[in-house]
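The values are calculated or read from the model by the stated rules, or taken from the named source; none is laboratory data. Note that the structure is predicted; figures quoted are calculated from it, not measured. Virtual Cβ from ideal backbone geometry, glycine too; neighbours counted across all protein chains shown.
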Amino acid sequence: MLLTSNIRATQNTFNELLVLNPESLRSNVELVLSGKLLIHGMFSGQIVATGVCHTDLYHLFEGMHKDGFPAVLGHEGAGIVESVGPGVTEFQPGDKVIPLFISQCRECRFCKNPKSNQCEKGWAAEHYDVMALEESRFTCKGKKVLQFMGTSTFSEYTVMNQIAVAKIDPAAPLDKVCLLGCGICTGFGAAVNTAKVEPGSTCAVFGLGAVGLAAVMGCKFAGAKRIIAVDVNPDKFEKAKVFGATEFVNPKDHDKPISQVLAELTDGGVDFSLECVGNVGVMRSALESCTKGWGVSVVVGWTDLHDFSARPINLIAGRTWKGSLFGGFKSKDGVPQMVKAYLDQKVKLDEFITHNMTLAQVNDAIELMKHGKCIRTVLSVSPQ
Ligand code: NAD
Ligand code: ZN
């Protein structure tokens with residue numbers, strides 16, 4: 001077991017924290033967050049609820065970058081500002097917020113360009129392999145513990161830079177909108193912002209976890225006529241219907257390549273395909289499932305472990321291959337808009353939540369996702 005929960009922390013504000021300790025750290029570690037020592041532009045917040053996303057599992061079991069541990073995992077949370085440091089102008093104690101794994105400083109050349117959300121100030125700009133910022137406020141026995149994706153939401157408290165936090169509507173239920181911190185904005189935005197799905201089009205979504213289901217929802221929102229849901233786990237198809245999928249394909253039911261199956265179903269291929277698995281073979285299949293001439297395929301699944309390959313003729317024939325980080329949303333702008341869309345009942349969130357647990361049960365939540373038994377588990381971290 002790589003994770004220990006119910007860790008006793010020395011700082012008065014902490015009762016329960018989660019640390020990932022593949023090597024030396026074992027249970028009963030003392031984890032300290034220097035949350036009271038605020039520096040310019042930082043504030044400390046109490047996490048109320050957090051989702052468990054496959055990217056947490058990726059770091060833990062697949063990426064396993066040796067310099068990426070120990071770390072406090074979790075990046076799909078929502079909470080309340082507890083205190084602010086000098087220079088923090090946008091937030092006040094008591095504000096409801098969503099931590100952002102992609103920052104938006106509004107000053108760098110990427111923030112200033114409407115075409116991109118790749119803010120230069122975040123961990124992803126330089127530390128995408130380690131998946132953490134150089135600087136961390138978490139320590140354990142005097143040793144630094146990394147803040148995963150600059151957020152660390154599997155913790156009662158965390159300290160964030162204000163460029164990586166979105167203030168949201170005070171009416172928002174934190175145990176639902178936490179999902180907008182990653183998975184749902186990612187999938188929905190990949191369809192709407194990155195693929196730019198068109199009304200009347202035919203789409204295919206590969207992988208029906210929360211990210212893929214949100215992509216299905218995005219395709220429907222954009223007016224797609226046919227949405228073909230592809231997964232090797234047929235248990236996911238019922239849920240996909242709820243979000244607007246019109247057809248279902250299990251690659252395991254076919255002897256021929258899935259791209260051929262989809263080409264036959266759609267008279268030559270889909271207009272838009274989205275890969276929401278994180279597997280380079282599936283990425284290639286998704287590209288090849290697009291029609292020549294104008295097909296657009298978007299890579300959403302996360303991996304830095306393998307190269308992918310494709311025949312150049314697939315692109316020469318008019319297909320476009322793109323990638324999408326956090327659904328192309330500029331995070332501080334996009335997340336409050338998505339919260340509003342949820343409150344206005346324009347996007348669904350409740351339907352993604354299959355399990356509710358406490359932070360102490362995080363290992364069970366990880367096991368559920370590993371075995372494809374959940375869509376999203378929301379862990380309650382502190383009282384709302
Ligand atoms: P998940 O584990 O809940 O869902 C993955 C789904 O893919 C499962 O339903 C699984 O059965 C299916 N699958 C596995 N192999 C398949 C195959 N060969 N063909 C079709 N389906 C297959 O994961 P999730 O939380 O929904 O995340 C999905 C991916 O998105 C992960 O790779 C995650 O790291 C990534 N992600 C990317 C971003 C981004 O900004 N680009 C953000 C968040 C998550
Ligand atoms: Zn995520």
(request) Test each condition in (1) of a type in the set (Phe, Trp, Tyr); (2) at pLDDT below 50; (3) within 16 Å of ligand 2 (Cβ to nearest atom) for Phe14 and report the one that comes out false. (result) (3)
(message) What's the number of the only condition in (1) in contact with a Gly (Cβ under 9 Å, 6 or more places away or on another chain); (2) free of Cβ contacts under 8 Å to residues at least 60 places away in the same chain; (3) farther than 21 Å from Asn193 by Cβ; (4) assigned to a loop (DSSP other than H, G, I, E, B) that Ser83 fails to meet?
(response) (4)
(request) Report, by residue number, each residue of the stretch 275-291 that is acidic (Asp, Glu) and away from ligand 2 (no atom under 16 Å from the Cβ). (result) Glu288
(request) Give me the pairs, please: first residue somewhere in the stretch 172-194 and in contact (Cβ under 8 Å) with a residue 60 or more places away in the chain and within 11 Å of ligand 1 (Cβ to nearest atom), second residue anywhere and of a type in the set (S, T, N, Q) and part of a loop (DSSP other than H, G, I, E, B), beta-carbon distance under 7 Å, and either six or more positions apart or on two chains. (result) Gly189/Ser324; Ala190/Ser324; Thr194/Ser324
(request) For the stretch 45-97, enumerate the residues that are at positive phi and small (Gly, Ala, Ser). (result) Gly74, Gly87, Gly94
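Yes/no matrix, rows are residues, columns are (1) among the hydroxyl-bearing types (Ser, Thr, Tyr); (2) within 27 Å of Ala341 (Cα to Cα); (3) outside any helix (DSSP H, G or I):
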{"position": "Lys144", "(1), (2), (3)": "no, no, yes"}
{"position": "Gly150", "(1), (2), (3)": "no, yes, yes"}
{"position": "Val159", "(1), (2), (3)": "no, no, yes"}
{"position": "Ile163", "(1), (2), (3)": "no, yes, no"}
{"position": "Val177", "(1), (2), (3)": "no, yes, no"}
(message) Restricting to the stretch 204-230, name every residue that is part of a loop (DSSP other than H, G, I, E, B) and crowded, with 24+ Cβ neighbours inside 10 Å.
(response) Gly207, Leu208, Gly209, Ala224
(request) Return yes or no: is Trp294 over 22 Å from the mean Cα position of the chain (by Cα), at pLDDT 95 or above, more than 16 Å from ligand 2 (Cβ to nearest atom) and aromatic (Phe, Trp, Tyr)? (result) yes
(request) Would you mind stating whether Lys346 is surrounded by fewer than 17 Cβ atoms within 10 Å (Cβ to Cβ) and of a type outside the set (A, V, I, L, M)? (result) yes
(request) Please work out which residue is farthest from ligand 2 (Cβ to nearest atom), limiting yourself to the stretch 347-384 and to residues that are in a strand (DSSP E or B) and among the hydroxyl-bearing types (Ser, Thr, Tyr). (result) Thr358
(message) So Glu62 ticks every box in (1) within 17 Å of Trp302 (Cα to Cα); (2) modelled with pLDDT of 95 or more; (3) charged (D, E, K, R) but one. Which box is left unticked?
(response) (2)
(request) Test Gly268 against the stated conditions and say whether it is on the phi > 0 side of the Ramachandran plot and of a type outside the set (S, T, N, Q). (result) yes
(request) Look through the stretch 57-91, keep the residues that are more than 16 Å from ligand 2 (Cβ to nearest atom) and of a type in the set (Phe, Trp, Tyr), and return whichever of them is nearest to Tyr128 (Cα to Cα). (result) Phe69
(request) From the list Gln92, Gln104, pick out the single residue that is buried (at least 21 other Cβ atoms within 10 Å of the Cβ), in a loop (DSSP other than H, G, I, E, B) and either free of Cβ contacts under 8 Å to residues at least 40 places away in the same chain or under 21 Å from the mean Cα position of the chain (by Cα) (or both). (result) Gln104
(message) Looking only at the stretch 119-142, count every residue that is surrounded by fewer than 19 Cβ atoms within 10 Å (Cβ to Cβ) and either touching a residue at least 60 places away in the same chain (Cβ under 8 Å) or within 16 Å of ligand 1 (Cβ to nearest atom) (or both) and tell me the total.
(response) 6
